[in-house]
Amino acid sequence: MGKEFFMKAALKEAKKAYNKGEVPVGAVIVKDNEIISKGHNLKESKNNTIKHAEIIAIEKASKAMNSWRLEDCDIYITMEPCPMCMGAIINSRIRKIYYGVSDQKSGACGSVIDLTEYKFNHIPKYEKNILKNECREILQQFFKGLRIKNKKE
């Protein structure tokens, strides 16, 4: 199982968010080539700004591992993490980030800022553009739908 396999699992999570009217971002955390947790955005439905896919996946992985240290884990995210999520990724000591599409408005893995350039006690590696077109497409569909809906109102 490679990067594309795990990103497809993250895309399934993004589709769950899409179907709930949430910004379609999904994340999965992988240890030893096995998915140990999944998450998708729930910010709108939970009225909670921290309910991002990555935070939810980290919470579930920590519970599954019975540890906040996720050192031997990688995270696959359909969109580049924001500064809040990068902070959680850094603090949970996730080994590597794989993401699909860059976020030019709030990305913290090279687009707006690159938090891996700072001298934190742990610095995850990252790789971008995994299934980029598929990850971009679901976001574009979502925001196109929002614009159409808002035009009608």
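The values are calculated or read from the model by the stated rules, or taken from the named source; none is laboratory data. Since the model is a prediction, treat every value here as computed from it, not as a measurement. As a convention, Cβ positions derive from the backbone with ideal geometry for all residues, glycine included, and neighbour counts pool all protein chains shown. Surface accessibility is based on the protein's heavy atoms, side chains included, excluding ligands, DNA and RNA. Shrake-Rupley method; radii C 1.70, N 1.55, O 1.52, S 1.80 Å.
Ignoring ligands, DNA and RNA, what accessible area per residue does the chain give at 1.4 Å, in Å²? Mind showing how you got there, number by number?
On the way: 8620 Å² over 153 residues.
The answer is 56 Å² per residue.
Taking the Cα centre of each part, how many Å lie between segment 1-15 and segment 81-113?
Taking the Cα centre of each part, segment 1-15 and segment 81-113 sit 17 Å apart.
Does segment 1-95 classify as rounded, prolate or oblate by the C-alpha gyration tensor (a ≥ b ≥ c root eigenvalues; a/c under 1.5 gives rounded; else a/b over b/c gives prolate, otherwise oblate)? Each step should come with its number before you reach the end.
Values: a/c = 1.83, a/b = 1.25, b/c = 1.46.
Oblate, since a/c reaches 1.5 and b/c is not below a/b.
Which aspartates and glutamates have a Cα less than 18 Å from the Cα of Lys60, not counting those fewer than 8 places away in the same chain?
Here the aspartates and glutamates satisfying the reach criterion relative to Lys60 are Glu13, Asp32, Glu34, Glu71, Asp72, Asp74.
Whole-Hz ³J(HN,Hα) for each residue in segment 109-114, computed from phi via Karplus 6.51 cos²θ - 1.76 cosθ + 1.60 with θ = phi - 60°, x for glycine and proline: what do you get?
10, x, 7, 9, 8, 10
Considering only Ser92, Ser37, Ser45, give the residue with the highest GNM mean-square fluctuation for the chain, with springs between Cα atoms whenever their separation is below 10 Å.
Maximum among the listed residues: Ser45.
Give the Kirkwood hydrodynamic radius (Å, one decimal) of segment 24-153, defined as one over the mean of 1/r across all pairs of different Cα atoms. Intermediate values should be presented prior to the final figure.
On the way: mean 1/r = 0.0665 Å⁻¹.
Kirkwood radius, segment 24-153: 15.0 Å.
Show me, for segment 26-34, the HN-Hα J-couplings you get by feeding each phi into the Karplus relation (A = 6.51, B = -1.76, C = 1.60, θ = phi - 60°), rounded to Hz, glycine and proline as x.
Values, residue by residue: x, 8, 9, 10, 10, 10, 6, 6, 9 Hz.
Between Met84 and Phe5, what length comes free when the chain is fully extended (0.36 nm per residue of separation minus the Cα-Cα distance, one decimal in nm)? All intermediate terms of the calculation are to be shown ahead of the outcome.
Details: separation 79, 0.36 × 79 = 28.44 nm, distance 2.61 nm.
Extra length from Met84 to Phe5 when fully extended: 25.8 nm.
Full extension from Ala64 to Arg147: what is 0.36 nm times the residue separation minus their Cα-Cα distance, to one decimal in nm?
On the way: separation 83, 0.36 × 83 = 29.88 nm, distance 3.90 nm.
The span from Ala64 to Arg147 would gain 26.0 nm if fully extended.
Packing-wise, with mean Cβ within 10 Å as the measure, how do 70-78, 117-125 rank, highest first?
Numbers: 70-78: 24.2, 117-125: 11.3.
Per-residue Cβ counts within 10 Å, averaged per peptide and sorted highest first, yield 70-78, 117-125.
Calculate the spin-label point distance for Tyr118 paired with Asn91, positioning each point 7 Å from the Cα along the beta-carbon direction, and give it in nanometres.
About 1.2 nm separates the two model spin labels.
Going through the DSSP H helices of the chain, which span 15 Å or more along their own axis at the Cα atoms while scoring at least 0.0 as a mean Kyte-Doolittle hydropathy?
Numbers: long enough: 3-19 (24 Å, -0.75); 53-65 (18 Å, 0.54); 132-152 (30 Å, -1.20).
Result, helices passing both filters: 53-65.
From the gyration tensor of the Cα coordinates in segment 90-153, what semi-axes in whole Å does the equivalent ellipsoid have, largest first, with each one equal to sqrt(5λ)? Write down the numbers at each step before the final one.
Working: eigenvalues 187, 35, 17 Å².
They are 31, 13, 9 Å, listed from largest to smallest.
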